[in-house]
Structures are given as structure tokens and as C-alpha cells.
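Quick notes on the structure that follows.
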Amino acid sequence: MSTIPKRPRGTILLLEGKCIACGARCQSVCPVDAIEMNEKGEPIIDTQTCTICRKCVKECPVDAIENYLTPAEKEQMAVFETWKASAAKQVSKEPKAPKEQEQPVAKKPEEGGIADWKGVWVFVEQVNGKAHDVAWELLSKGKTLANDLGVELAAFVIGENIQHLADEAFGFGADKVYIVDHPTLKSYRTDPYVKATVDLVNHYKPEIILMGATGLGRDLAGAVATQLRTGLTADCTGLTIDKVNRLLEQTRPAFGGNIMATILTEKCRPQMASVRPHVMPKSEFIKGKKGELIIEPFTLDEADITTKVVEIISSANKGMVNITGSKILISGGRGMTSKESFKLLEELASVVGGVVSGSRSAVDNGWIEQPRQVGQTGKTVHPKLYIACGISGAIQHLVGMQDSDFIIAINKDKTAPIFSVAHLGIVGDVFEIIPALIKKIRESNAIIVQ
Ligand SMILES: Cc1cc2nc3c(=O)[nH]c(=O)nc-3n(C[C@H](O)[C@H](O)[C@H](O)COP(=O)(O)OP(=O)(O)OC[C@H]3O[C@@H](n4cnc5c(N)ncnc54)[C@H](O)[C@@H]3O)c2cc1C
């Protein structure tokens with residue numbers, strides 16, 4: 001029996017003068033935290049902790065990290081490679097193992113119960129009789145889904161004195177509107193809202209329910225799905241219909257945003273999905289459009305509700321900007337290197353009449369406040385102009401801004417993924433490009449029309 005030669009491990013080294021400080025990509029892939037970054041953004045590799053997994057070598061966009069082998073190790077590597085090649089040849093000659101028996105294809109759900117559920121519903125979230133815009137965005141998407149399924153599109157509104165919202169819902173495309181109007185539903189509380197929704201759903205059996213992934217919507221959707229014992233896909237970024245199986249295809253980022261997963265609720269009804277505000281476009285409001293209005297009775301004694309609303313204190317307007325409403329966003333990332341440098345972004349924002357936002361790295365470093373974060377765990381934005389400064393373009397960031405009308409990216413790494421969504425890419429140093437841009441705009445006396 002021949003012995004298997006050992007593969008030499010070598011050492012992981014940074015090659016001098018090659019690192020471009022791409023934003024700690026090597027550090028982010030190291031599974032054993034053996035890499036620290038110095039103030040220039042270059043890696044310091046702790047060879048004692050390093051397990052030579054070579055992930056950083058593969059990740060580096062400019063081959064600045066090497067798996068160094070001594071001359072003796074190089075010889076040993078040649079022996080190992082020769083053995084590996086001959087072993088591979090031998091394996092390919094060996095008869096192949098019989099294929100494992102194919103897994104049976106998942107059975108389609110029994111038609112019986114599921115076929116009874118019909119229609120697409122959208123929850124119209126409201127506070128003090130004013131609807132949240134996400135409801136109208138979802139009605140627009142709901143219309144496409146309902147057309148694909150050949151069913152009606154309905155909206156349902158829960159609250160007190162909310163009947164006027166039915167006209168708005170018709171105007172945004174609903175064929176039917178269900179209203180549950182009762183004094184106990186004046187302010188949002190989970191229990192009565194869940195009861196109102198579950199009663200409605202059990203009575204009318206819609207096959208799809210869409211809700212806004214707002215604070216209120218997230219709370220309600222989860223509680224309703226639990227009571228109905230059905231699936232809920234939160235924070236969907238895409239919704240389509242599999243017309244053959246009449247299933248809602250619910251697409252959302254998964255595994256930390258590294259893949260886009262399409263999720264099906266095959267065996268339970270309704271199929272529930274939530275979508276964040278500003279993810280789906282809102283269709284035109286048609287004035288005077290009418291539909292069927294259904295006022296649903298509701299009974300629940302205030303004494304049976306354990307939570308009481310004592311006072312409502314608005315958290316809005318504490319000097320905080322709502323980045324989702326801004327037409328121009330100047331967004332900064334780790335490439336801006338410090339809180340101080342964000343002043344440069346503020347200056348650019350002031351000359352173009354925009355607002356400063358940023359990546360999660362900028363938030364984690366304390367350079368901007370969390371409400372200004374763009375991305376999967378921040379806000380989804382659709383500005384007319386998005387200028388990404390020193391942002392690499394991780395998928396979790398892209399999902400929050402890639403639908404902006406016009407994207408300009410400034411990054412010194414030409415392989416940065418942000419360039420894949422940018423309409424205009426500038427490869428260069430933000431500290432040279434941004435001041436030049438500000439100067440040029442000021443000199444041109446340009447008036448930015450938003
Ligand atoms: C579950 C989960 C949710 C997340 N949610 C979000 C989210 O909502 N939003 C978000 O942004 N991230 C989110 N992230 C983090 C995300 O994966 C990235 O880590 C983050 O977006 C990186 O931020 P960045 O682009 O600012 O930094 P880096 O990736 O470090 O990129 C910095 C960039 O700056 C460039 N650069 C450096 N110096 C200069 C210079 N002088 N001039 C020009 N360019 C320069 C570099 O080339 C690099 O491309 C999430 C991660 C997870 C796991």
C-alpha cells in the first residue's frame with residue numbers, strides 16, 4: 001500500500017505594496033478571526049491563529065495575499081500534486097456506484113381544502129384614518145397577482161371611523177373592500193387586530209394576503225399567520241405567480257443576504273407575505289373608481305383585552321430625516337474612513353439638495369445614525385439620484401438601493417460589486433473625487449431640479 005504524501009501548508013503572507021485597502025474583504029471571510037486591519041485598511045495576519053484555509057487568498061481582488069511556500073515545501077507540493085493527479089485518474093476508471101434512488105417528487109397538495117381559498121387581499125394599515133402608502137404599493141402588485149390568477153383583488157381595513165379609506169382603496173385598484181370598524185380598534189393593539197383579521201380570513205378564505213413590513217404590519221402578520229397555522233414570508237422583494245400550480249412565489253434575500261430565495265407555501269392557506277415600504281411601485285390613483293364595500297360586524301369587549309392604550313407619543317420629528325422620502329441621497333460607506341469625513345458628504349448633499357445616508361458599516365462605526373442606513377436591515381430607497389461613496393456594494397446594501405433611478409458609484413476598487421448596479425462608475429479616491437465634484441457643481445452654478 002503506497003502512503004499518501006502530505007500537502008504542505010505554508011504560511012499566509014501579505015505581499016508588500018499590493019494591498020488596495022478594498023474594505024477588509026479578507027478579514028470578512030476569515031473563519032478564525034486571524035486578520036486585523038491597520039489604520040491604512042491593510043490586513044495584519046496572525047499566523048499563530050491562521051489555519052491556512054486560504055479563503056483570504058481567494059477573496060483578495062488584487063492577489064495581495066499569498067500562500068507562501070518555502071523551497072522545500074514547493075518540492076513537497078510537486079510530489080503531492082503528482083500523487084493527486086494519478087489518484088484522480090484511478091478513481092475515474094473505477095466503476096461508478098449505482099445512482100441513489102431518486103427522491104419522489106413532492107406531491108401536490110390535495111385540491112379539496114386549498115381550492116376553496118380564492119382571491120388576493122391587501123391589508124390597509126392606517127393610523128388616525130390615514131393610510132400607510134405601502135398599502136397602495138401592495139394593491140398595485142396585488143392587481144398583477146390577481147390578474148395572473150384570474151381572481152378578485154380585495155383590500156381590508158381595520159380601525160375606527162375608517163370607511164373613507166374604501167374609496168382610496170378602490171382608486172388604487174381594489175375590486176372589493178372589507179371594513180371592520182369598531183371602537184376597540186381605534187388604536188393598534190395586537191389582540192383585537194388579530195381577532196378582526198383572523199375572523200375575516202376564516203369567513204372569506206383569501207388565498208393570498210399581502211401586508212406592509214412596517215412595525216405594525218410585522219407584528220400583525222406574524223401573529224395572524226401563527227393563529228391561522230400558515231406560512232409567512234417576511235420582507236419579500238419579489239412576488240410572482242406560478243400559474244401552473246397557482247402558487248405565490250415569494251422572493252427575498254436569505255442566508256444573510258447571500259442568496260435570493262424563492263419561498264412557496266404549498267400546503268397551507270392563505271399564503272402570507274410582507275413587503276417593506278418603497279419596494280413595490282405604486283400605480284396611478286383612479287378618481288371615482290368604485291367597487292363592492294363589505295362592512296363586517298365585530299364584537300369584542302374592551303374588558304377582554306389585556307393591553308390598554310394610555311397615551312400615544314410620536315417618535316417622529318426629533319430632527320431625524322426620513323431618507324426614504326429624499327430624491328437625492330449621498331451615501332457613504334467604510335471607504336469614508338471616519339465620522340469627520342462624512343462632513344464632505346454633507347457638503348455634497350447641500351450643494352445638490354440631497355440627504356446623507358450610508359451603509360451598515362458607516363452606522364456600525366457610529367458615523368451616521370441607524371435611521372439613515374440603506375439596505376436589508378435599513379431602509380429601502382428609490383431616489384432619483386443615489387451617489388455611493390466608498391461603498392463596496394454587498395448584496396445586503398444593494399437590495400436597499402438598486403432600484404434608484406440613477407446610481408453613481410465612487411470606489412477605488414474597480415472590481416467592487418457596486419459598479420454592477422451603477423449607471424455611472426468613477427474609479428478613484430473619494431477624497432479626491434468628491435471635493436472636485438463639489439467645486440465643479442459650485443462653479444457651474446447649476447440648479448438641481450428635483
Ligand atoms: C444579515 C445582514 C444584514 C445586513 N444589512 C445591511 C444593510 O442593511 N445595509 C448595509 O449597507 N449592509 C448590511 N450588511 C452588511 C454588508 O454585508 C456589508 O458588510 C456592508 O454593506 C459593507 O459596507 P461598506 O460597503 O461601507 O464597507 P466595505 O464593504 O468595507 O467597503 C468599503 C469600500 O470602500 C472602498 N474604498 C476604501 N477607501 C476608499 C477611498 N479612499 N475612495 C474610494 N473608495 C474607497 C473599498 O474599495 C470598498 O469597496 C448586512 C449584513 C448581514 C450579514
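The values are calculated or read from the model by the stated rules, or taken from the named source; none is laboratory data. Since we're looking at a predicted model, the values are computed, not measured. Here Cβ is always computed from backbone atoms with ideal geometry, including for glycine, and neighbour counts include all displayed protein chains. Only protein heavy atoms, including side chains, enter the accessible area calculation; ligands, DNA and RNA are left aside. Shrake-Rupley method; radii C 1.70, N 1.55, O 1.52, S 1.80 Å.
In a GNM of the chain with a 10 Å cut-off on Cα contacts, which of Gly358, Gly171, Gly393 has the highest mean-square fluctuation?
Maximum among the listed residues: Gly171.
On average, how much accessible surface per residue is there in the chain, in Å², for a 1.4 Å probe, leaving out ligands, DNA and RNA? Present the calculation step by step, with values, prior to reporting the outcome.
Details: 24690 Å² over 450 residues.
Here the residues of the chain average 55 Å² of exposed surface.
By a straight-distance test (C-alpha under 18 Å), which lysines pair with Lys439 as possible cross-link partners, with residues fewer than eight away in the same chain excluded?
Lys343
If each DSSP helix of 4+ residues adds -39,500 (n - 2.57) and the sum is divided by the residues in the chain, what number results at 222 nm, nearest 500 deg cm²/dmol?
Calculated from helices alone, the mean residue ellipticity at 222 nm is -8500 deg cm²/dmol.
Cysteines without a disulfide-compatible partner in the chain, using Cβ under 4.7 Å as the rule?
So, Cys19, Cys22, Cys30, Cys50, Cys53, Cys60, Cys236, Cys268, Cys389.
Angle, helix 133-149 long axis vs. longest principal axis of the chain, Cα atoms, 0 to 90°, nearest 10?
It is inclined by approximately 90 degrees.
According to the Kirkwood expression over distinct Cα-Cα pairs, how big is the hydrodynamic radius of segment 11-89, in Å? Show your work: numbers first, answer last.
Values: mean 1/r = 0.0728 Å⁻¹.
Result for segment 11-89, one decimal place: 13.7 Å.
Work from the charge dipole of the chain (Cβ charges, +1 for Lys and Arg, -1 for Asp and Glu, about the Cα centre) and give the residue of Ser357, Phe431, Phe156 farthest towards its positive end.
Phe431
If you count the DSSP beta bridges with both ends in segment 115-304, what percent of them are antiparallel, to the nearest 5? Please list the in-between numbers first.
Working: 12 of 37 bridges.
Of the beta bridges lying entirely in segment 115-304, close to 30 percent run antiparallel.
Hey, what's the Cα Rg ratio for segment 115-304 versus the globular rule of thumb, 2.2 N^0.38 Å?
On the way: Rg = 15.5 Å, N = 190, 2.2 N^0.38 = 16.2 Å.
Segment 115-304 yields a ratio of 0.96.
For His397, His164, His182, what's the largest-to-smallest order of accessible area, 1.4 Å probe? Display every interim value, and only then the final one.
Working: His397 10, His164 95, His182 40 Å².
Of His397, His164, His182, the descending order of accessible area is His164, His182, His397.
Cross-link partners among lysines for Lys84, C-alpha distance below 22 Å, same-chain residues fewer than 8 apart left out?
Leaving aside lysines fewer than 8 places away in the same chain, those within reach of Lys84 are Lys6, Lys55, Lys58, Lys74, Lys93, Lys96.
If I fit a long axis through the Cα atoms of helix 190-204 and take the longest principal axis of the Cα atoms of the chain, what angle between them do I get, 0 to 90°, rounded to 10?
Roughly 70 degrees between the two axes.
Tell me which of Met272, Leu345, Asn67 sits at the most positive position along the dipole axis of the chain, charges placed on C-beta atoms (Lys, Arg +1; Asp, Glu -1).
Looking along the dipole axis, the top candidate is Asn67.
Normalised by the residues of the chain, what does the relative contact order come to in percent, with Cα pairs under 8 Å and at least six apart? Intermediate results must be reported in sequence, preceding the final value.
On the way: 844 pairs, mean separation 48.2, N = 450.
Averaging sequence separation for qualifying contacts and normalising by length gives 11 percent for the chain.
If I fit a long axis through the Cα atoms of helix 430-444 and take the longest principal axis of the Cα atoms of the chain, what angle between them do I get, 0 to 90°, rounded to 10?
For helix 430-444, the angle is close to 60 degrees.
For segment 345-442, which trypsin sites (Lys or Arg not before Pro) are both in a DSSP coil and crowded by at most 12 other Cβ atoms within 10 Å? Show your work: numbers first, answer last.
Values: sites: Arg360, Arg372, Lys379, Lys384, Lys412, Lys414, Lys439, Lys440, Arg442; in loops: Lys384, Lys412, Lys414.
Those satisfying the criteria are Lys414.
Taking the Cα centre of the chain as origin, work out the dipole magnitude from +1 charges on Lys and Arg Cβ and -1 charges on Asp and Glu Cβ, in debye rounded to 20.
Values: 53 positive and 54 negative charges, 217 e Å.
It comes to approximately 1040 debye.
Send over the per residue convex hull volume for the chain, Cα only, as a whole number of Å³.
225 Å³
About the Cα centre of segment 140-270, how large is the charge dipole given +1 on each Lys and Arg Cβ and -1 on each Asp and Glu Cβ? Please answer in debye to the nearest 20.
So the dipole magnitude of segment 140-270 works out to roughly 320 debye.
Would you list which aspartates and glutamates come within 15 Å of Lys130, measuring only between C-alpha atoms, while excluding same-chain residues fewer than 8 positions from it?
Glu160, Asp167, Glu168, Asp181
Just the number, please: carbon plus sulfur as a percent of the accessible area of the chain, 1.4 Å probe, no ligands or DNA/RNA counted. List each step's numbers first, then the result.
Values: 13100 of 24690 Å².
The computed percentage sits at 53.
Contact order normalised by length for segment 323-444, with contacts defined as Cα pairs under 8 Å and 6 or more residues apart; what percent is it?
On the way: 268 pairs, mean separation 29.7, N = 122.
Reported as a whole number, the value is 24 percent.
So for Val79, Val310, Val321, what's the accessible-area order with a 1.4 Å probe, most first? Working shown, then result.
Details: Val79 85, Val310 140, Val321 50 Å².
The ordering from most to least exposed comes out as Val310, Val79, Val321.
Protein chains only, probe 1.4 Å: how do Tyr68, Tyr386 rank by accessible area, largest first?
Details: Tyr68 90, Tyr386 0 Å².
Descending accessible area places them as Tyr68, Tyr386.
Roughly how many Å² of Val62 are accessible to a 1.4 Å probe, to the nearest 10?
Ignoring ligands and nucleic acids, Val62 comes out at about 50 Å².
Pick from Trp121, Trp83, Trp136: which is most flexible by mean-square fluctuation in a GNM of the chain where alpha carbon atoms under 10 Å apart are linked?
Comparing Trp121, Trp83, Trp136 in the GNM, the peak value goes to Trp83.
What residue among Phe156, Phe170, Phe80 has the largest mean-square fluctuation in a Gaussian network model of the chain, using Cα springs under 10 Å?
Phe80
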